[in-house]
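Only one structure is covered here, and it is reproduced in the block below.
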Amino acid sequence: MNKDIRNLVYTALLVAMALAVSLVERLIPLPFVMPGAKLGLSNMVILITLILYGFKRGMLVAVLKSVLLMMIIGFGPSFIYSFSGAVFSTIMMWIAYKYFSINFKIFSVIGVSIIGAVSHNFAQVTAAAYILKSLMLYTYFPFLTLIAIVTGYFVGLGSDNVASHLNKIFKNI
């Protein structure tokens, strides 16, 4: 199979997986009511994409997932929050992965995931504060950060396991 076609197919599959996980995740009730808090399972697909394919493809998957999700559930402030969170967290995960995980070995994939989760929440709160013109929304950020640390840990754990298995598979192809 042509390499360009294979890359296009893999990218389409990654976008479809991230979108499907996002849609399923919307149906999962959290045991506590905290607006804006979610498990962030679709970030697992984005982090795996960053690890296996790099920044450009990771950002493409993040952006396409957000845009397609908006086309399915509708445009509104939630799209702006989701999109800003996806873009900023992808940038921060890439920086953390490339410079502090690969080069200096300071962070594991779990640490990179936690950075992504906290970054996602920071971007969402910043977008909401801008749209609603209220800096008081930043008082909510510490609570979201606690949740992001826990969910980021598990997303990172899963991402690390899946990425290492996929790396082994791709080496044999």
Scan region 142-161 and report the pairs whose first residue is of a type in the set (D, E, K, R) and whose second residue is in a helix (DSSP H, G or I), with Cβ atoms within less than 7 Å and a gap of 6+ or a chain change.
Asp160/Val109; Asp160/Ile110
Count of region 122-139 residues which are open to solvent by 20 Å² or more (accessible area, probe 1.4 Å) and either more than 21 Å from Phe83 (Cβ to Cβ) or part of a helix (DSSP H, G or I) (or both):
11
List every residue pair whose Cβ atoms sit under 9 Å apart, with the two residues 6 or more apart in sequence or on different chains, where the first one lies in region 1-21 and is over 11 Å from Ile48 (Cβ atoms) and the second, anywhere, is open to solvent by 90 Å² or more (accessible area, probe 1.4 Å).
Val9/Met1; Leu19/Ile72
Between a first residue in region 103-129 that is free of Cβ contacts under 8 Å to residues at least 40 places away in the same chain and a second residue that is among the β-branched types (Val, Ile, Thr) and surrounded by fewer than 20 Cβ atoms within 10 Å (Cβ to Cβ), which pairs have beta carbons less than 6 Å apart while being 6 or more apart in sequence or on different chains?
Val118/Thr145
Being open to solvent by 60 Å² or more (accessible area, probe 1.4 Å) and at pLDDT below 85 is the filter here; which residues of region 3-36 pass it?
Lys3, Asp4, Arg6, Arg26, Leu27, Ile28, Pro29, Pro31, Phe32, Val33, Pro35
State yes or no: is Gly58 within 20 Å of Asn167 (Cβ to Cβ), within 11 Å of the chain's Cα centre (by Cα) and of a type in the set (Gly, Ala, Ser)?
yes
Take the conditions open to solvent by 80 Å² or more (accessible area, probe 1.4 Å), under 26 Å from Leu52 (Cβ atoms), not in a helix (DSSP H, G or I) and not polar (S, T, N, Q) and apply them to Ile169. Does it pass?
no
Scan region 81-102 and give yes if some residue there is free of Cβ contacts under 8 Å to residues at least 24 places away in the same chain and at positive phi, otherwise no.
no
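The values are calculated or read from the model by the stated rules, or taken from the named source; none is laboratory data. For clarity, every value in this text was computed on a predicted model and none was experimentally measured. Cβ sites come from the backbone with ideal geometry, for glycine too, and all protein chains shown count toward neighbours. We work out accessible area using only protein heavy atoms, side chains counted, and drop any ligands, DNA or RNA first. Shrake-Rupley method; radii C 1.70, N 1.55, O 1.52, S 1.80 Å.
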